Structure formats: C-alpha cells, structure tokens
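Notes follow once the structure below has been shown.
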Amino acid sequence: MKQRTLKTTTQISGIGVHSGKTVQLTLHPAPLDTGIIFRRIDIHPAVNIPAISKYVSDTRLNTCLAKDGAMVFTVEHVLSAFAGMGVDNAYVDVTAAEMPVMDGSAQPFVHLIRAAGIEQQEAPKKFLRIKRPIKINDGDKFVSIEPFEGFKFSLTVDFDHPVFRSSSQTASIDLATTSFADEISYARTFGFLSDYEQLRKHNLGLGASLENTLVLDEQQVLNPEGLRYADEFVRHKILDAVGDLYLLGHNFIGAFTGYKSGHKLNHQLREAVLADSSAWEIVSKELLATSFA
C-alpha cells in the first residue's frame, strides 16, 4: 500500500462551533512524508502546525493544536476524515483559529476529500503497530490500546438520559474492514440544552445550532430530523477518537477501547504510547485497503 495525498486543491467555508467565527478551509496536496500540516494563513508570516501529539495544547470539549503563538482548534473532525479516508499527506489552510463545524460530523470533509480526489504516492504507507497494551484510568473512565491485526475502535458512553437509555451506548467497529465514510463519518456532535448557557459564559458553543449539533433537552432529541444512526452518539465518540488518535502521526494497527472517554483521555493515551518506544513500531503493511473509499 502506498502513501496517499490529494489530487487537487479544494475548499469549503463555515463557522466554528465554539467561536462562532466564519473560516475558510482549503485542502492542498502535500509531498511524501509530510503528514497533515495545518497552516494559519491569516497570520503573517503564516504559521505551520503539524498534526502530531506534541502540539496539542488544550483538550476541553475539543482538540486544540498550538505552535509559535498560533492555534487551531476543533481539529478532530477533519483529522478523522483524513484518517478514515487514508490520506497521509496534506496541507490544511485556515483563515481563523477554529475549523468549520459544518453539520457537526466528518461527512462534509469526506466529501471534500472525494471532490479533490486521492492520489497514490511512490513510497510505502506507514502504520504505527501496537506491540503491547497500554491503559489510562481516570476514576471510572478509561482508555486503552492493545495489539490487534486491524484498526479497531470500541467505545461506550454512559449518560443518565431517556434517549441514551433507549438506545445502544456501546459500539465496536474495525475500520480495516468497514467503511469509515458509511458507518462513522455521518455521526454528529451532540450536547445538552441544560449546558448551553454555561458554555456561552465561557465563550464556548457560540456557533452551535440545530444545524450542526444534536441537541437534547431533558427528554428528547430536539433536532426535527432525528438521528442518522440509532447509536449516533457513540458513533460520534468513535469519530472523535479516530481523529484524536491520528495525532500519533500515522494510522495505527491495534484496538482502541474507551469507556466514558473524551479528548483529554485520548491525549493522555497518545502521550503514554509515544513515551514508551517498546510499545509500538513503525511498519509498512498491506492493511485497510478495502475501507479507504
């Protein structure tokens, strides 16, 4: 399997779910072994921020990267699309500090990648293969990663709410054999109406609406169209984890498990993995070919 980049440049614009600010996002092809690079082109000179774990600066309600005084936040959805579509190398130009939320899922970014086209490059694709288990606990929450010949995500959420009690709160999917675009990318971010005013007091959620967020009151989902998947909430948590774990620098070969987890624990797991060189190795392998579409 070869490394992959985009065939052409393509762009989209929208608002940030937390900042409420309009941003234009442009995806460009990139050379071999570039990885994913975010470029704040509204700053002069522009600041390049590699999408790797060492540049994570904040994990409150989103994943934020920062370098040389510049930041890009809410990067997890576009990174999830790159990971799920098998794109290794790309430049992501943005005109503000936050990625556009679009409809709250990764599907608009999958569509953008497909519009640009995917081009194979003349070097083997690299994976980070997990060699031994690592687990991070935080009270009753945990995340772990362990050896497995696939690209597997298993996740459980646990909310005391009528909608969650009536649907599955656990999902498991191996993206080596299942389409990310079909099974995960459409799942939208979600939030509770009761938390909205508190978020606004902290200048968060300023761009949130029923157009880009699944909103729940005390009894039900308020979005008139309802859910895209019966278990959309937990699938979105998998979507976030796919994006967060891509900050390892490569797609991994292994199995991720999360219980009541989020961006903070995902970051702690990444850092624990990268800090222990005996727990992983970089390999080139024929894997995931059927799911990158």
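A few notes on this one:
- Stokes-Einstein diffusion coefficient of segment 9-74, Kirkwood radius over Cα pairs, 37 °C, 0.692 mPa s, in µm²/s: 253 µm²/s
- Restricting the calculation to Cα atoms, the chain shows an Rg/Rh of 0.94 when the hydrodynamic-style radius is the Kirkwood one.
- Antiparallel bridges, percent of DSSP beta bridges restricted to the chain (to nearest 5): 75 percent
- Hydrodynamic radius of segment 144-202 per Kirkwood, over alpha carbon pairs, in Å: 14.3 Å
- With the convex hull drawn over the C-alpha atoms of segment 38-85, the volume per residue is 79 Å³.
- Above-threshold pairs, the threshold being 30 Å between Cα atoms, out of K7/K126; K126/K237; K21/K264; K7/K141; K131/K264: K7/K141
- Alpha carbon centroid spacing (whole Å) that separates segment 83-144 from segment 17-47: 14 Å
- Percentage relative contact order, segment 113-227, counting C-alpha pairs under 8 Å, at least six apart: 17 percent
- Measuring gaps between exposed loop sites in the chain (GluC sites (Glu not before Pro); DSSP loop; at most 11 other Cβ atoms within 10 Å), the longest gap, sites not included, is 1-217.
- Computed from the C-alpha gyration tensor, the three semi-axes of the ellipsoid equivalent to segment 41-137 are 22, 20, 16 Å, from longest to shortest.
- Applying the Karplus relation 6.51 cos²θ - 1.76 cosθ + 1.60 with θ = phi - 60° to segment 258-275 yields 3J(HN,Hα) values of x, 10, 6, 9, x, 4, 4, 5, 4, 5, 4, 5, 3, 5, 5, 4, 5, 6 Hz, where x marks Gly and Pro.
- Overall form of segment 83-155 per C-alpha gyration tensor (a/c, 1.5; a/b vs b/c): oblate
- Taking θ as phi - 60° and the Karplus parameters 6.51, -1.76 and 1.60, the scalar couplings of segment 5-15 work out to 9, 8, 7, 9, 7, 8, 9, 8, 9, x, 10 Hz in sequence order, x denoting glycine and proline.
- With N counted as the residues of segment 170-235, its alpha-carbon radius of gyration over 2.2 N^0.38 Å works out to 1.29.
- What the phi angles of segment 53-66 give under the Karplus curve with 6.51, -1.76 and 1.60, with θ = phi - 60°, is a coupling list of 4, 5, 9, 5, 10, 7, 10, 7, 6, 6, 10, 10, 10, 8 Hz, glycine and proline written as x.
- 28 Å tail of the calculated P(r), segment 153-293, as % of Cα pairs: 26 percent
- Calculated mean residue ellipticity, 222 nm, the chain: -5500 deg cm²/dmol, from DSSP H runs (n ≥ 4) at -39500 (n - 2.57) each, averaged per residue and rounded to 500.
- Overall dimensions of segment 112-232 as given by Cα atoms, namely Rg and Dmax in Å: 18.4, 54
Laboratory data are not the source of any read-out in this text; all were calculated from the coordinates shown. Because the structure is a prediction, the values reported are computed rather than measured. When we count neighbours, we look across all protein chains shown, and the Cβ atoms used for this are built from the backbone with ideal geometry, even at glycine.
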